[in-house]
Amino acid sequence: MTRRSAVVAVLTGDVVGSSTIKDRRQLNANLKKLFKQLRKHVPGTVREMEIYRGDSFQGVMAPEHVLRAALVIRAGLRQWDLPKGGSVRKGTTMGRLPDARIAIGIGTVSYRSAKVIESDGEAFRSSGRALDRLSGTKARLSIQTPWPEVNDELEVVSKLLDALIGRWSPAASQAVLLSLLTDATQVEVSKKLGISQPAVHKRLGTASLDAVKAALGRFEKLVQSHTAA
């Protein structure tokens, strides 16, 4: 009997607005810290995120967890340089916040190199096509799977998530990051940030976290139903 190749997810991204970040070393350090947190808290990391060209990155994950990883990365960037419990620098607007353009490809891998970015296969090519679709658009999230009926639904999910994330302030992003990364309660988030629980509740409410989690749950259910067979 022929052994079926494992289905994985390839997450490819690049930092949007990186040109406004003067300290490139700090950008690299912040990305590495964020990816270390991902590996610790989000299950299913197959190959760690690799940074290339200074502001681009790629990694391989279990399919059902890859969207959560994508949202964690975007939240981590949008709360850029925000002090614990503090306020964003004066003059910063939501449209100018650092963010990430992220393309997710789900499929098999035919060639595994020592470096993630040199590997190849269906998942890598799907991620590349998804990234191409983002080029020249304002969209910052695209998902490509081997299942056409799933792609149609995930295109809608991606657009809705993009609309919500685009409204995340640095303060809201900071609270969302902790909530998605560790499934922390509002009380736990308030203790970590040194602010009140009602303040956390307000931040997560403005970020529409309940809707984000509903989209995540739907994504996970869709992927699991197609990869379990």
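Only the coordinates and a few stated rules stand behind these numbers; no lab work does. All values derive from a computational prediction rather than experimental measurement. Cβ placement follows ideal geometry from the backbone for every residue including glycine, while neighbour counts extend to all protein chains displayed.
Any idea how far apart ASP152 and LYS213 come out in nm if each label point goes 7 Å out from Cα toward Cβ?
In this crude label model, ASP152 to LYS213 measures out at 3.1 nm.
Along each of the three principal axes of the Cα atoms of the stretch 136-229, give the extent in whole Å, ordering the values from largest to smallest.
Largest to smallest, the principal-axis extents are 45, 35, 15 Å.
Can you tell me which of 53-65, 142-154, 194-206 comes out highest on packing, and rank the rest after it, using the mean Cβ neighbours within 10 Å? It would help to have the intermediate numbers written out before the result.
Details: 53-65: 20.5, 142-154: 18.2, 194-206: 16.0.
The densest-packed peptide leads the list: 53-65, 142-154, 194-206.
Note the direction-averaged projected area, equal to a quarter of the hull surface, for the Cα convex hull of the chain, in nm². Working shown, then result.
Numbers: hull surface 51.0 nm².
For the chain, averaging the hull's shadow over all directions gives 12.8 nm².
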